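Below is a structure I'd like to ask you about.
The values are calculated or read from the model by the stated rules, or taken from the named source; none is laboratory data. The structure presented is a predicted model; accordingly, all values stated were derived computationally and were not measured. Cβ placement follows ideal geometry from the backbone for every residue including glycine, while neighbour counts extend to all protein chains displayed. Protein only, heavy atoms only, side chains kept; ligands, DNA and RNA dropped before computing areas. Shrake-Rupley method; radii C 1.70, N 1.55, O 1.52, S 1.80 Å.
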Amino acid sequence: MQLIPCPWCGPREEAEFHYGGQAHVAYPEDPSALSDEEWAQYVFFRENPSGPFAERWSHSAGCRRWFNAVRDTRTHDLIAVYRAGEPMPEVIS
Amino acid sequence: MTVSPLFAWTDRLAALPVNASERPFLSQLTVRASDPAAIAAMGAVLGVGFPAVPCTFTAGSGEFGDVEVLWLGPDEFLVVAAPDLQIPIEEALRGALGSARGSVVDTSAQRTTVVLEGPHVRDVLAHGCSVDLHPSAAPAGTCVQTLLARTGVILLVTGADSVTLLVRSSVAEYLAAWLSDACVEYQT
Ligand SMILES: [Zn+2]
């Protein structure tokens, strides 16, 4: 089973984590001003890259903290993990 | 009479090669706080400094006797003390927290505690726990929240051959049954 490095607890088994989708999707500044199509874009549409992808993960069976990870979608390698609020590190794919 | 979650397992746990025994009804308080001054003040009230390093715990004694403070997250701790102290400790911690942002909640009923001792403890746990429990990776003072046989536990390494498990009361009997099974090959 793959080990995922929690930024607080260190490497832990994949089964301790939950996936939270794409990271850095900002809540709209003024949601009421959005058209239905813009709202649908915000709620439902996500990137689907082949390569490095910044994602949210939760260490749900451990420290229960959300953090961000850059994962290569082609290899499932976790290239970098970083705590919530920290900027996405530069990654070379 | 109040019956503890593992009362029915007392004799079976004691007969295991890991000498398992329940420590029921410990006082447990979940503390959420991030202000360093408030955390220091709460440590002073207990006579035990709060752990500053993730995945560790601290132990000491003071006004409330022997107390352990467990790191559960960057702003979350579990204070563990002898039974029937949750109300005075809650009041003392709330006083020390003062107006700083945070909370102190009595969670004593959530978990029971099982102490394991003996040379086979790490081997038995390794059957159901993926965390590296070798003494070089998990020395005394280690506190990890992880899955043991798919059960969420807090695992404290208290000495070379001793581990304390905190497990939710409702699944404690499942964990006791799993422990009994995992111990079979170490029976003499
Ligand atoms: Zn963690």
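For the stretch B:27-106, what is the relative contact order in percent, using Cα pairs closer than 8 Å and at least 6 residues apart in sequence?
40
Also: I'd like the orientation of helix B:172-182 relative to chain B: the angle between its Cα long axis and the longest Cα principal axis, in ° from 0 to 90, rounded to 10.
Approximately 40 degrees, to the nearest 10.
With an 8 Å cut-off on Cα pairs and a minimum separation of 6 or more residues, tell me the relative contact order of the stretch B:1-149 in percent.
29
I've got another one for you. Cα axis of helix B:36-46 to longest principal axis of chain B: angle in degrees, 0 to 90, nearest 10?
Orientation of helix B:36-46: about 70 degrees from the principal axis.
Give the list, by residue number, of cysteines in chain A with no other Cys Cβ closer than 4.7 Å, or say none.
Here A:CYS63 come out as lacking a disulfide-compatible partner, given the Cβ-Cβ threshold of under 4.7 Å.
What order do A:TRP57, A:TRP8, A:TRP39 take when sorted by accessible area (1.4 Å probe), most exposed first?
If we order A:TRP57, A:TRP8, A:TRP39 from most to least accessible, we get A:TRP39, A:TRP8, A:TRP57.
Between B:ASP106 and A:ASP77, what is the spin-label point distance in nm, taking each point 7 Å from the Cα along the Cα→C-beta axis?
A separation of 5.3 nm, rounded to one decimal place.
Here's a follow-up. Using only atoms on other chains, find how many Cβ atoms lie within 10 Å of each Cβ of peptide B:67-75 and report the average.
Mean number of neighbouring Cβ atoms from other chains: 2.
With a ≥ b ≥ c the root eigenvalues of the C-alpha gyration tensor of the stretch A:41-93, is it rounded (a/c under 1.5), prolate (a/b larger than b/c) or oblate?
Verdict is oblate for the stretch A:41-93.
Counting only other residues whose beta carbon sits under 12 Å from that of A:PHE17, what net charge do I get with K and R as +1, D and E as -1?
+1
For the stretch A:26-69 and the stretch B:81-148, what is the separation of their C-alpha centers, rounded to whole Å?
Value for the Cα centre distance between the two parts: 33 Å.
Using 0.36 nm times the number of residues separating B:ALA44 and B:ASP132, minus their current alpha carbon distance, what extension gain do you get?
Separation in residues times 0.36 nm, less the Cα-Cα distance, equals 28.4 nm.
Counting partner chain Cβ atoms within 10 Å of every residue's Cβ in B:137-150, what's the average?
2
Still on this structure, please answer the following. What is the average number of partner chain Cβ atoms found within 10 Å of a Cβ in A:59-67?
For peptide A:59-67, the averaged partner shielding equals 4.
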